[in-house]
Structure formats: structure tokens, C-alpha cells
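Here the structure is laid out as C-alpha cells; the discussion comes afterwards.
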Amino acid sequence: CGFQLRQPTEVPFERIALSGFAPRSAMAEALRRELPARVRIVDAAAQSEVQLVADEDVLHRTVVASTAAGQVREFRLRVRLRFHFANPAGEALGGVTELEQMRDLSYSETAALGKEVEEAALLREMRADIARQVVRRLAALGQTGR
Amino acid sequence: ERADRTKPLVVESDGKKAASVDLSKRTTTVVGNVVITQGTLQIKADKVDVREDAPGRFSATALGSAAQPATFRQKRDRVDEVIEAQALRIEYDGGADRIRLVGEARMRILRAGQPADEATAAVIVYDQPGDTLTFEGGSPGSSAAASRPRLVFVPRAESTEAPR
Amino acid sequence: MRIDTADTITLEADRIETQLDDLSVARGSVDLRQGSLRLTTDLLEFSTRQRRAWARAPVRIEQQGNLLEGRSASVQIDSREGQIDAARYRIARTGGGGAARQLSFVGTERLAAEQASYTSCRADDPDTADWVLKADKLSLDFEHNDGRAEGASLRFLGVPILALPVLSFPATGERKSGWLPPTIYPFDSRNGFELETPYYFNLAPDHDLTLTPGLLTRRGLSLTGEYRYLWTQDEGRLKAHWLPNDRTTGRSRGGADIDLQGERASGLHYQLDLQHASDDNYWKDFSRVLPSLTPRLLAQDVRATQPLQSWLGVPLQAYARVLGWRTLQVLEAPILPPYQRLPQLGLMGQGETLGGLNWSTQMEVNHFLLRNRASGDTRTDGERAHLLGALWWPQDLAWGWFTPRMAINAASYRTEQAMSDGRTRAHRAIPTLSLDAGLRFERATALFGRALQQTLEPRLHYVRTPWRNQDALPNFDSSVNDFNEVSIYQDNGFSGVDFVTDVHQVTLGAGSRWFDPVGGGELLRLGLAQRYLFKDQRITPERLGASGLSAETGVAASRFSDVLLFGSSTVVPQWRFDVNLQYNTDRQRTTRSILAARWNPGDFKTLSATYRFARELSEQVELGWQWPIYQREAPRADGSACGGTLYGVGRINFSRRDARVTEGLAGLEYDAGCWIGRVVAERVSTGTSEATTRLMVQLELIGLSRLGPSPLKVLKDNIPGYRMLRDDGAASTTSP
């Protein structure tokens, strides 16, 4: 039915700069983990070969279900990253892409401590998924030329 | 300059045609690249009528054409400023010391040889004693746009700093 | 601001008299220009030496879109400073304008007017505009986007709604002390009419204070203070709300919310989030004050992390935390409070050795304490020291991956009261072995005629964790994981440290995605997964309660877990579907399901419906909408596309278990081009038979500021897909 095994797509850059991220941004952390070891993350844009510029890096936590007596029963977690690639000088390479992951997490006040750990694991997985999609796009950028 | 009035009035032409004199009107008509000079005042035109209204006081009418308008040039009392102007007809009234430029009149003030303020109008009147200029538009019939008075002020060296 | 003094000045008129080197007098349709400045009048005097022009007749001045008309004016051409009398003005940047007895301006940057009126509505006579701000002195500074009105009075649709000695608006950039526009709650079922008038103290560029005296007709006077500071390495916000004498309860009431954080060069980062409420009903009466997402559980959380350079050159991180809880109890629906960590101290690290072997470790000590526990609550306080260690060897080749993993969860307990088996000390160590493997297939395909890229990823997750007796252990920080596409591939069925499910199982699943290869957006995602247990599981999620494991039921649980089906799709244009289904094969019934659909045909048009079911926990139906109801007349010529459109906005959350609307929000939004009016009614259930209803009226005067509480936050958080009027992109906020 036309499926073949995915071919390895190389990320053709050695030095990449992550710019536009807030300090201690969890999304930037996820990108560091997902980028292949060969790719070094540099601080200054000037030393990089390509820049990943975050236009919007946001986490939304909203209550979507609660009991009649104000107890929260369900949270909706939304992680959104809008980004574009740019050359070291900052000119954009291609348009802005928006990637979003949304998951619901049941909750009860009594289990607050456990739910805190579960939420962290869920968010780490959601950010890892977005980061993997960004790395695929980075590899695709390589193919289509700087 | 004011001193020009005391200077003799000299009228020259290219000599191709003879000047004609009409004693009854006490006017002389000179034709062909005529140049009138009196001190720093200089008027050039194709055809000039010169009248002597009173002993030692002359007035003149210089006629140019669209292709070759009559021109006027005079140095001002201020240091190193020259007024240049041109029009279809220039009337110089020696008595009242006033110059009227009529028809597509243009005027320019040169400071230290550099062109500075400029003006265009249907009629420009330069009153020397009062050191004033009056710009008027054309009569309602004529094409208003072309002859509406228009002045252009170029920033002066010392006046470019706005008063603080 | 660079003024191009080098530009020449041109002066045209029907007649001009010039005194050489000085004054020119121009008469008859005079037109003076320089660069972007253009001045037209009938009688003008112009001094070449001062380069200043005096318009002695009705004059019109245009500059970069700004328009000033008046009876007379004088302008210094080079510095663009000028005055104009009996003026009418319009400012391009804010679309606002009005009239003034006397108005002075500096280019297009600053404007000061006396006896002035200001409105952003297009109206011939400012006084007939929908809203108009009148002031004795009005100063607008567009470089700092800062406006200030003295002796201000505001009329809306002819009705004077506000009078203030000094009003500053919109106070951005260089902030000035002064009254901020007040907030009004015309109706609140518990507090009556509420009026708050904030006063802003711009103490210094790096800290400021806002004091907000308030009046609540049913309760009396209140005072809210918010102090903010932003230093080089630290920032913080301290907010306190105080009601000295609440007439309905006869007691003083108050709340506090403190948010501090900072870091030091050594890498130390500290964060402090403290919330406090004076009494258990505080959340019902003053829900706006405390921003907590869990209104009845207020966290008091102080934590610090410090990275350490360890001897092996491997980065470790030390952390310390104190976490307390303030639980607001409601008689008919009490909350069993979670444990407090007083304190939590730990060391964790992660690294990769040669050969790609990854390791991670966490060593931690906790002192767990319960606070104001109810009489029937038999849970014990105690200490726990634990070590979590893991070794895994990720092999990721593009077409597949293979990750064996070994982990250990060792903990030792000391409890105040004896555990169910009489001991006060216990320790246990639970090893886990797991393997995660999968293949990645791809193909180009098409769906509904769109060329798409489809991925298919079959996945296997094998876990082997021996049974270790945990029956008597207390439950300090464990909870049951939701059964979703993340937890189904995890080794432990619980989150937290205390309990580890004894499993010998394999999970088989497959996920498939369709995405647009060019734009990259994911259009459709489907997934299916189920577990097979090689042996019965003794520590099952159903047994875990707040005080530990309940007795084993001895009933042979099924060897097949629930089936998990999940998917989300934006394949159909304008529609988005989400499905999350957990189906129990033995009992042939769903354990948990979320079905959601949203239709978003255009800007400001969205309808959404969501059904959420969690067996024995909650069953909720949620409807959300934002829809234009009425359009007054065709979009006006001045380009404000939605002049005069009325929108219906709202969301209703119905709980079938309680057979009640747990949260209802309905509102109307009217965009009249130069002002937006919002009326939002909110009904929050605070008990099985009790609810708080609140009416919020907000008037947003475009080009001036928001007046009244911002229901926007309420709307944006609660209505899926809600898009703020007057805002191109979806305004997203970064919440913690």
C-alpha cells in the first residue's frame, strides 16, 4: 500500500542558534534534546549557520471541567510554537510555521502532587513531539537550499 | 543699489537697425539686443522705448518675446546679493524708481553668486526705495495656474538654526 | 525626530507683498509647504528671518496624516512648533480627534490643548460623537503613547459617565502617576454594585504601585494594593486585597497573591508563589483577586534550584522546595487536602556515557505533613527518602527505534502513626525492565483531493516490574495516570514515587498522521493501542486511594487492557474534530471519552461542542459560541470593517452528574467602530444549590483605554476559538 521505511534525513547544519526564546523556556530545552548530537547549539546568531527564531512560544492551561462546588476535574493543556528559520543575518528563510499540541488531563485537588508530576510528563512528551516536527522541517530546509 | 540713480543711463544695441526718435513724445525706440545700463542696473530686451520724463529722469519699456524674454539685473545694497529677473515686458519708471515685470515674470536672488530665493508670478513690481516686491496673479481670463504668484525660500546659512 | 530644515519652503497665493529680507504678506488661497507640512489659509504673514508663519484667517494644517483646522495659527516652520486657535483636530495614529479652544503642537509627536474634546468616532461635531472626553487641559504624547487629561469628564451616548481631576490613558511607555480608568461591575449576586477606581504611583522606572479603593454596595469599602518591581536579576509582584468590615459577614476579609522570582550568577534560580485567603468562602465572593486555576486549592510554593559541577564533570542539580496548601472547604463538597512538603530536598542529574548509554538519577528527602485535616482523615504524616535511577540505551535509526531501559525505585519511610501493618518504618526497592521499539513508515497520499504525506508508526512497549509489597505504605504523592496515548507507553501506571504497578505486559499500538508536506500543518492524526498482560496485575489503579492501596479484590482482572482510540482532524476545512476514547473490552463500555467538534467558518465566527465522560468522575457537556448577530449598516467608508456589528458570545458547561450548569457565560459584544461595548453575564456554580452570578459591563473606547473590568480574560480563557475583536492574530497569553 505504498508505505516504505523512512529514509534518514540528515540535518545539514553544524551550528544552529535558538533565538526569540524566553530564558529557561521549556520548548527550547525540548529542541536541545531532539536536535541530533552532531548539531551544536551556539548562543550568538553570528556564529550560527542557521537560526531558529521563535515568534510565539506559549503554554495555555485552562480549566475545562469543574464540579458544581468549584473543584477542578479537567485541565486542557495547549502548547503552541510559531517559528521561522533565518540566516545568521536574520533574514527569514521561508514563512512562519505554527505547531500546536493539545491534550486534556483529569485532575483532583487531593491528588495535586501526583497530577503535577503527570502534567510535567505529558508536557515533556507534547514538546518533544513538536520538537521532532521542527527537526524534520530543519532537515527539509537543508534539502531545499539555504 | 540706490547709487545707481546718479549714474548715467547708457543704451546700446547691436546696431543692425537704426534707432528712431519721436520728438513729440520725446521717446527713442531702439531695436535689436538692446542693453540699458545705469550703474549696476542692467536691462536687456529685443526692443526698448526710452522716454525722458524730466531732465535727468528717464523711464523705459523693454519688450522681449516668449522665446527670449526681457531680462533685468541689479545689485542690492546688502553685501553680495544680486537680483535677476525676466519677463515678457519690463517697465522701468526712473522717477518713482520702480520696475514692473509683466507676463511670465520670474525673479531670483543670488547670494554670493549662488541662486537662493526664487519667485514666479504674472506681474512682479520691485519698488526700490521701499525695497519691497509685489507679486500678482494674472487677470482672471488668463490661465490662473501658470501665473499664480509662487515664492520659494531656500534656508539661509545663518537662519537654518531655528530660534531656540 | 529629524526635521528636514534643509527643505525649501514654497509659498503660493493670489497676491504676495514681500519686504525683502523680512516679512511677506500673502493674500487669497494661500498655500505654504515644507516637507510633510502643508498650511492653507486666506491671509498669511511669513518672516524669512524667523522662518515663522502667522495665519490671520481660518487655517488648515496637514502633517503626515494629522489634520488641524482653526480660526488662526502660528507655526515655526523648522521646529514644527505651533499654536492654533478654535481648533478642530484629527490624529492619524489613533484615529482620534476633537475640538479645542487653543491647541499647541510639536510636529506630530506632542499635542497639548485647552478646553479640549477628544474622541475616536468619526463625527462632524465632536459633541455629537458616540463618546467624547472633555478636559480643561489635554496633553497627548505619541512618542511615549501617553495621554493625560486634567479636569476630565467623559460622556457616552450623551450620558456623563465619568469625571476625574486627572486621568491618564493609555499609560504605556513612560508612565505617569494618576487615576486609571475605573472598573465597574453593575451587578454581582454576592457583592451587589461594585466600583473600583485605581490610582497609579509611578515610583521609579523599575518599580510601581497601584492602590485601588473599591466600593461594594453589599459589603462596604475595600482596598487592593499591587506593588511590582523589576530589577536586573529579580522581579516580583505583590498583591493584597483587604475588606476591613464585610457588612454581610461582619468580619474583615482579605486575600494575598505573591509572585517573586530571580536568579544569581551562580545559576541559582528561586521562585515564590504564595496565595492566601482569609476564609473558606473567599473564592465565592472575590474570585477575581486570586488568579489560581484551582479556586479552592491555593498553593504556597517556595522553591530554588542550584546547578552543581560534580566531580565526575557531570552536571548535577540541587533543589529545595517548601510546598504548603490552603484548602477552602465547602461543607457539602469537602476536599481531602493533599500532603504538604515541608521541606523537599533533592539532587538530580542526567547524562550520557560513551557508547550512547544514558543515565538519570534523583535522590530526594521529603517531610510530608497534612494541614488542618478533617476529623475522619486517618492519613499519617511522615518522612520519605527515595532514590530513582534509570539506565537506557536509545538506538534511533530513521526507519525505527529500539530503547531498552532499566530503572530502580527505592524508598524508605518513617511515619508518625503506625502503618496498617503496625510498623512505623518501612523500605522497599522496585526494579523495572522495559523495552520500547517501533518502526516508521511514510508514503505520499491524498485525502479529499489534497496531496498529503502520511506516516504510520507501529509501536511495541514491553514492561516487566516484579510485585513488591506496598499494601501498607502511605500514599504521599502518587496518583493514577490518565489512560492516554502518552501514559499507555509508560512503565508505571502511577505518577509520583510511592507506588509502582507490578506488571508483566506488552502494549501494541499504531499511530498515523496525515500532514501537508509544504505548509507542515498536521491535518489528521489517528491512533489505536491496547495492552496484553502476561500475568495478573496485583497493584492495580483501582486500588490506589488517598491513604494508600485498598485490599486486593482477588478477582482475576482481564488480561487485556482497555482499548485506546485517539484522533484529531482538521481535514475538513473550517472544522476541527477531536476524539479520545478509552473502551473497556471486558465490560464492553467506555471508561473515559472526549468528543469535540469546532466549526470556525471565519473571523469572529465559531461554534464548538465538547462531550467529556469519565466513569464515576465527571460527565460534562460544553457548548461555546461567538457569532455576529446583527450588522447595522455596510462597513463604513473609513475602512472600519465592522462598524456597528453585534456579536453573541458565550459558553455553557453542563454537568450531567450534578444535573446543573456548573459554569455559564453569555455575552453580547457591540463594535461601533470607535468603541466596543461588552456585556457579559457569568454564572459560576459554587455549590449543589448555590451559584454566583455576575454581570460585567465593559466599554472600550478605541484610542482611549478600556473602561471597566476586562471580561476579555474570562472570554479568552473559556471560549474555545474566541478571537478578540480588534485584534488580528489570536492574542495568546503565557500562563504559568
- line: Of the candidates C:Ala659, C:Ala681, B:Leu23, the farthest towards the positive dipole end of the protein assembly as shown (Lys/Arg Cβ +1, Asp/Glu Cβ -1, centred on the Cα centre) is C:Ala659
query: Ranked highest first by average number of other Cβ atoms within 10 Å, how do C:596-607, B:36-47 line up?
result: B:36-47, C:596-607
query: How much area per residue is accessible in segment C:313-456 when the probe is 1.4 Å and only protein heavy atoms are counted (Å²)?
result: 49
- prompt: Setting aside same-chain residues fewer than 8 positions from A:Lys115, which lysines have a Cα under 29 Å from its Cα?
  reply: C:Lys239, C:Lys284, C:Lys535, C:Lys713, C:Lys716
- prompt: To the nearest Å, what is the center-to-center distance of segment C:235-270 and segment C:37-103, using C-alpha atoms only?
  reply: 51
query: Full extension from C:Ser412 to C:Asp125: what is 0.36 nm times the residue separation minus their Cα-Cα distance, to one decimal in nm?
result: 95.3 nm
Cα gyration tensor shape of segment B:48-137, rounded if a/c is under 1.5, else prolate or oblate by comparing a/b with b/c: oblate
query: Over chain C, what relative contact order in percent results from Cα pairs under 8 Å that are six or more residues apart?
result: 5
- request: State, to one decimal in nm, how far the label point of C:Val166 lies from the label point of C:Leu526, with both points 7 Å from Cα in the Cβ direction.
  value: 6.7
field: Shape call, the protein assembly as shown: gyration tensor on alpha carbons, a/c limit 1.5
entry: prolate
- request: Find out how many positive minus negative residues lie around C:Leu623, taking Lys and Arg as positive, Asp and Glu as negative, among other residues whose Cβ is under 13 Å from that of C:Leu623.
  value: +1
- prompt: Got a sec to turn the phi values of segment C:68-79 into Karplus ³J(HN,Hα) couplings, 6.51 cos²θ - 1.76 cosθ + 1.60 with θ = phi - 60°, whole Hz, x for Gly and Pro?
  reply: 10, 10, x, 6, 7, 7, 9, 9, 8, 4, 5, 8
- prompt: Stretched out fully, how many nm does the piece from C:Arg656 to C:Val506 gain, at 0.36 nm a residue minus the Cα gap?
  reply: 50.4 nm
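Quote the relative contact order of segment C:401-483 in percent (integer), defining contacts as alpha-carbon pairs under 8 Å separated by 6+ residues. Don't jump to the answer; show the numbers that get you there.
Working: 123 pairs, mean separation 23.7, N = 83.
Relative contact order comes out at 29 percent.
Can you compute the FRET efficiency between C:Gln102 and C:Ser29 using 1/(1 + (r/R0)^6), with r the Cβ-Cβ distance and R0 = 41 Å? Round to the nearest 0.05.
On the way: r = 26 Å, r/R0 = 0.62.
Using R0 = 41 Å, I get an efficiency of 0.95.
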message: Suppose only helical runs count, i.e. DSSP H with n ≥ 4. What mean residue ellipticity at 222 nm does that imply for chain A under -39500 (n - 2.57) per run, divided by all residues and rounded to the nearest 500 deg cm²/dmol?
response: -9500 deg cm²/dmol
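Need one number: buried accessible surface between chains C and A, 1.4 Å probe, both sides summed, DNA, RNA and ligands left out, in Å² to 100.
Values: alone 36520 and 8880 Å², together 40130 Å².
Roughly 5300 Å².
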message: Averaged over its residues, how many other protein chain Cβ atoms are within 10 Å of peptide A:57-64's Cβ atoms?
response: 5
Inter-site label distance for C:Asn245 and B:Val152 at 7 Å from Cα along Cβ, in nm: 8.1
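For segment C:262-317, rounded, prolate or oblate, judged on the Cα gyration tensor with a ≥ b ≥ c (square roots of eigenvalues), a/c < 1.5 rounded, else prolate if a/b > b/c?
prolate
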Mean separation of Cα contacts under 8 Å (6+ apart) over length of segment C:99-157, as relative contact order %: 29
query: So what is the diffusion coefficient of chain C in µm² per second by Stokes-Einstein at 37 °C and 0.692 mPa s, using a Kirkwood Rh over Cα pairs?
result: 104
- prompt: By how many nm would the segment from C:Tyr229 to C:Arg468 grow when fully extended, if each residue of separation counts as 0.36 nm and the alpha-carbon distance is taken off?
  reply: 80.9 nm
message: Can you find, among C:Ser487, C:Thr501, C:Trp514, the residue sitting farthest towards the positive end of the charge dipole of segment C:463-551, where Lys and Arg contribute +1 and Asp and Glu -1 at Cβ?
response: C:Thr501
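Provide the FRET efficiency to the nearest 0.05 for the C:Ala666-C:Arg49 pair, computing r from the beta carbons and using R0 = 56 Å. Intermediate values should be presented prior to the final figure.
Working: r = 68 Å, r/R0 = 1.22.
The computed FRET efficiency comes out at 0.25.
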field: Pairwise centroid distance, computed over Cα atoms, of segment C:359-426 with segment A:89-146, Å
entry: 28
- request: Sort all Cα-Cα distances of segment C:318-371 into consecutive 5 angstrom bins from zero, then give the percent of pairs in each bin up to the one containing the longest distance.
  value: 5, 16, 16, 13, 12, 11, 9, 8, 5, 3, 1, 1
query: On the accessible surface of the protein assembly as shown, probed at 1.4 Å, how many percent belong to carbon and sulfur atoms?
result: 57
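Give the B-C buried accessible area in Å², both sides summed, 1.4 Å probe, nearest 100. Don't skip to the answer; put the middle values down first.
On the way: alone 9650 and 36520 Å², together 43970 Å².
Buried surface at the B/C interface: approximately 2200 Å².
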query: Counting partner chain Cβ atoms within 10 Å of every residue's Cβ in C:475-485, what's the average?
result: 6
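As a check on your grasp of the helix formula, calculate [θ] at 222 nm for chain C: sum -39500 (n - 2.57) over DSSP H runs of n ≥ 4, divide by the residue count, round to the nearest 500.
-500 deg cm²/dmol
The values are calculated or read from the model by the stated rules, or taken from the named source; none is laboratory data. Here the structure is a predicted model, which means the values were calculated and not measured. Every residue, glycine among them, receives a Cβ derived from its backbone with ideal geometry; neighbour counts consider all protein chains shown. Areas reflect the complete protein model, heavy atoms only, side chains present, ligands, DNA and RNA absent. Shrake-Rupley method; radii C 1.70, N 1.55, O 1.52, S 1.80 Å.
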